[in-house]
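Since the structure comes first, as structure tokens, the remarks are kept for the end.
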């Protein structure tokens, strides 16, 4: 497994197109892999936009080649991307470890809409629902969220309702970014969650759980 | 101590005829009128005791000037009334302070909590948002209160100031015999509708610096979440 960090140059037109449409970004990320790689394992990605840097993270089985992204949305003469080996981290996961984490997900619930026969998946739009969605599922990802001062040490840092075109349809996703601290309970489940992704809309920048050393936050 | 805030307020001092202006901070006549209404005085009742109060305001949130172009007709619709412009301060918040004898101030504070007549911010159409009085403070002068009371602006406004302290404008009654200051026709002598009378009052403008409660030490510029730092062999 590999984790790739690519810094996006938001001043470029190409970058604006990619940041504006998860559909376009999805295509651009997949274009970083030759045809027969795409079927091999889940390719997950996420955009972290901060005040000074906008990063694209991609997790994949094979190393990507993001030359086309550098040309469209990067700094072609100075910067490229960096790919690290995620397997080492995945192998070293052990019960009781604490990590800082970030997850951008598409929290949803199923509900009956109108008098339709089948229930339908709808996005959770309020921060409370989104946090609820997250906290009721942590056990199946093999993690526990420690509490500090009586409340779980996780927060919904960004919430977005993204709406974009996909061929002739319109896709609307409620996205939430969770930041916090986690404790590893079951390394196997966590490994699976990190490799396969979490929740719906994995093609559209959701579901990639990344870990980072604690201490700087 | 009063917090004057509401969707609209209007504090006219020098309006004539169809152009009803507002000052950019509450007027003494407006606040004295408000206190008079709270204590249940009618327009023609004496207000001499209220004029012994020393008065000062602090501009906690300046708000925005809005203009209302107003048309009106007589009740039967036959004739149109003069067109008028009315000016308001939208979304402003002020700290107004009156200083006087302890018993009198307590009485006024009580009256503001149980007003006899409806209270409004300069004009009948401008109801206050929330309780007006912030209580009383013994032994403090107007300047003390303006300099030490916490910033009473709305949180959303406070957040637009990314600094640990803010400097707020103040307008205070000048000390008797003060050398400089501006003179405004803002000393109500009588609110009698038949014969309204205002004297002149000298004010001193200044600034005070108070803490910004929403200020947080600026977050690190770099994202604290650095997933690449957890990996080996980049």
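Decide, for the stretch B:1-96, between rounded, prolate and oblate: order the square roots of the alpha carbon gyration tensor eigenvalues as a ≥ b ≥ c, take rounded if a/c falls under 1.5, and otherwise choose prolate if a/b is larger than b/c, else oblate.
Working: a/c = 2.52, a/b = 1.39, b/c = 1.81.
Note, shape of the stretch B:1-96 comes out oblate.
Multiply the residue separation of residue A:119 and residue A:139 by 0.36 nm, subtract the distance between their alpha-carbon atoms, and state the gained length in nm to one decimal.
That pair, residue A:119 and residue A:139, stretches by 4.7 nm at full extension.
For the pair residue A:90 and residue A:127, label points projected 7 Å from Cα toward Cβ lie 3.4 nm apart. Restricting the calculation to Cα atoms, the stretch B:125-234 yields a radius of gyration followed by a Dmax of 23.7, 89 Å.
Modelled this way, with points 7 Å down the Cα-to-C-beta line, the labels at residue A:77 and residue A:155 are 4.2 nm from one another. For chain A, a Kirkwood hydrodynamic radius built from all Cα pairs, placed in the Stokes-Einstein relation at 20 °C and 1.002 mPa s, yields a translational diffusion coefficient of 118 µm²/s. For helix B:28-38, report the angle its Cα long axis makes with the longest principal axis of the Cα atoms of chain B; keep it between 0 and 90° and round to the nearest 10°. The angle comes out at about 80 degrees.
Neighbouring Cβ atoms from other chains, within 10 Å of the Cβ of residues in A:80-89, number 3 on average. If R0 equals 51 Å, the separation of the Cβ atoms of residue B:48 and residue B:90 corresponds to a calculated FRET efficiency of about 0.90.
Just to verify a number: FRET efficiency for residue A:11 and residue A:53, C-beta to C-beta distance, R0 = 22 Å, to 0.05?
Step by step, r from the Cβ atoms, then E = 0.95.
Across the stretch B:1-93, the relative contact order, built from alpha-carbon pairs under 8 Å that are at least six residues apart, equals 40 percent.
Applying 0.36 nm per residue to the separation of residue B:110 and residue B:24 and subtracting their alpha-carbon distance, the gain on full extension is 28.2 nm. Relative to one another, the C-alpha centroids of the stretch A:27-72 and the stretch B:29-78 are positioned 65 Å apart. Rounded, prolate or oblate, given the Cα gyration tensor of the stretch A:1-75, with a/c below 1.5 counting as rounded? It comes out prolate by the Cα gyration axes.
Mean per-residue shielding of peptide A:1-14 is 1, counting Cβ atoms of other chains within 10 Å of each Cβ.
With only Cα atoms counted, the stretch B:98-181 has Rg and Dmax values of 15.9, 42 Å.
Between helix B:102-113 and chain B there is an angle of about 80 degrees, using the helix long axis and the longest principal axis of the Cα atoms. Largest mean-square fluctuation among A:94, A:176, A:201, in a Gaussian network model of chain A whose springs join Cα atoms under 10 Å apart, belongs to A:94.
Of all the options B:106, B:173, B:68, the one that moves most in a Gaussian network model of chain B with Cα springs shorter than 10 angstrom is B:68.
Counted over all Cα-Cα pairs of the protein assembly as shown, pairs farther apart than 37 Å make up 51 percent. Taking label points 7 Å from Cα along the Cα-to-Cβ direction, residue A:2 and residue A:166 give a separation of 2.6 nm. Which of A:161, A:70, A:47 moves the most in a Gaussian network model of chain A with Cα springs under 10 Å? Fluctuation is largest for A:161.
On full extension, the segment bounded by residue B:165 and residue B:124 gains 11.3 nm, given 0.36 nm per residue less the C-alpha separation. Computed packing ranks the peptides B:24-31, A:13-20 as B:24-31, A:13-20, most packed first, by mean other Cβ atoms within 10 Å. Centroid-to-centroid, using Cα positions, the stretch A:113-127 and the stretch A:148-217 are 21 Å apart. In terms of other Cβ atoms within 10 Å, B:15, A:92, A:59 run from fewest to most in the order A:92, B:15, A:59. Estimated from helical segments only, the mean residue ellipticity of chain A at 222 nm is -6500 deg cm²/dmol, where each DSSP H run of four or more residues counts as -39500 (n - 2.57).
With viscosity 0.890 mPa s and temperature 25 °C, the Kirkwood radius over alpha carbon pairs of chain B converts through Stokes-Einstein to a diffusion coefficient of 124 µm²/s.
FYI, it's all coordinate maths here, none of it is from the lab. All values reported here derive from a predicted model rather than from experimental measurement. Ideal geometry is used to build each Cβ from the backbone, glycine not excepted, and the neighbour counts take in all protein chains shown.
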